[in-house]
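Here, each number is a calculation from the coordinates, and none is a lab measurement. Every value quoted in this text rests on a predicted model; they were computed, and no experiment measured them. Positions of Cβ are generated from backbone atoms using ideal geometry, with glycine treated the same way; all protein chains shown enter the neighbour counts.
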């Protein structure tokens, strides 16, 4: 069992995942932390009621939230982690941390659509302008930075169209102008891409996805590169009155213990499926950064240590009724929003794509798949039967 003060940085990731957040003194000897559902925290001394170094209310989190924060830092690094009720709330928390009335934020045009809505509606109402940029802009982002720019928001790869961004180049240009950088790093699960090593200030994770891994918990996190950034995020978190459920924190922490086993299986199965899809006559192109055919493959290979199980593919043009026959007859793949769980999902994505900086050009329908823990050959067979329905063969 882990002991307080154990330096787990000397261990490899699988070992850190098993040890992180385990503390004999905090857990009374239990291998897992207790789930404490608390609002009021009683104090024996009056002076302690206003001691900022002590927990004085349940919003501060208890043992299980502390353990989860420690575990996240053991995976991705950074000076501090702040939990949020969902992945989207982690994105919006990071944005509100940097936003100022009368300023602007630069956002990748491939950003997660709910994040885009927050920028276009809530930030606009608060007097913050959002300008969207080509995900493949790289170092030329410097030409878009103005005196009013406060932050650049990245998402790499894009979670629908899978463009890989040149994060070191963008972060370098931002740092030269004193502009903050935020990245939605959910696709890599914090495992296969290390934002702080590339100069990013804040890393956002939707813990709902791979970390939880079982489609039964909602949670997000904002990790900060420096203590100063962590303090800024924590201040905004407190002012918004956000809270991370102890039960969901427990589920996410439990999911972290098996993250590498699940992620490796899902990544391997997804890459085999992507290879198979490239051979299908119904498919125009496959959008998986680990494939040599992907336009950003070299960039991905330079900056990432591996892939996850989420990618997309484009079909030849099809009538709606044939698309419905493909999707609604699938036996293993199910339709539903989210990804990273044990279940394989497939979603038609065209209605979600919104672009303003650079058009999204597609030869036909775009389908995103999240590969779960099923056998990869069974998944391919399921899609093959779907393609037969697509062509009216059964």
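Worth a mention:
- Beta bridges per DSSP with both ends in region 259-390, % antiparallel, nearest 5: 95
- Among beta bridges identified by DSSP and lying wholly in region 8-257, the antiparallel ones come to about 40 percent.
- In Å, descending, principal axis extents of the Cα set of region 259-390: 40, 38, 27
- Cα gyration tensor shape of region 338-392, rounded if a/c is under 1.5, else prolate or oblate by comparing a/b with b/c: oblate
- Neighbour-count order for 66, 248, fewest beta carbons within 10 angstrom listed first: 66, 248
- Relative contact order of the chain, pairs being alpha-carbon contacts under 8 Å that are 6 or more residues apart, as %: 16
- Taking the C-alpha atoms only, the angle from helix 227-240 to the longest principal axis of the chain is near 90 degrees.
- Computed from Cα atoms, the angle from the helix 87-98 axis to the main principal axis of the chain rounds to 60 degrees.
- Range of Cα positions in the chain per principal axis (Å), largest first: 76, 52, 37
- Label-to-label distance, nm, for residues given as residue 131 and residue 302 (7 Å Cα→Cβ offset): 2.4
- Selected from 135, 292, 157 as most flexible by GNM, with the chain as the system and alpha-carbon contacts under 10 Å: 292
- Divide the volume of the convex hull around the Cα atoms of region 70-117 by the residue count and you get 116 Å³ per residue.
- Between residue 381 and residue 247, the FRET efficiency from the beta-carbon distance, with R0 = 30 Å, is close to 0.20.
- Anisotropy class assigned to region 101-166 is oblate, per the alpha carbon gyration tensor with a/c at or over the 1.5 cut-off and a/b no larger than b/c.
- Cα convex hull of region 148-227 - mean projected area over all directions, nm²: 6.0
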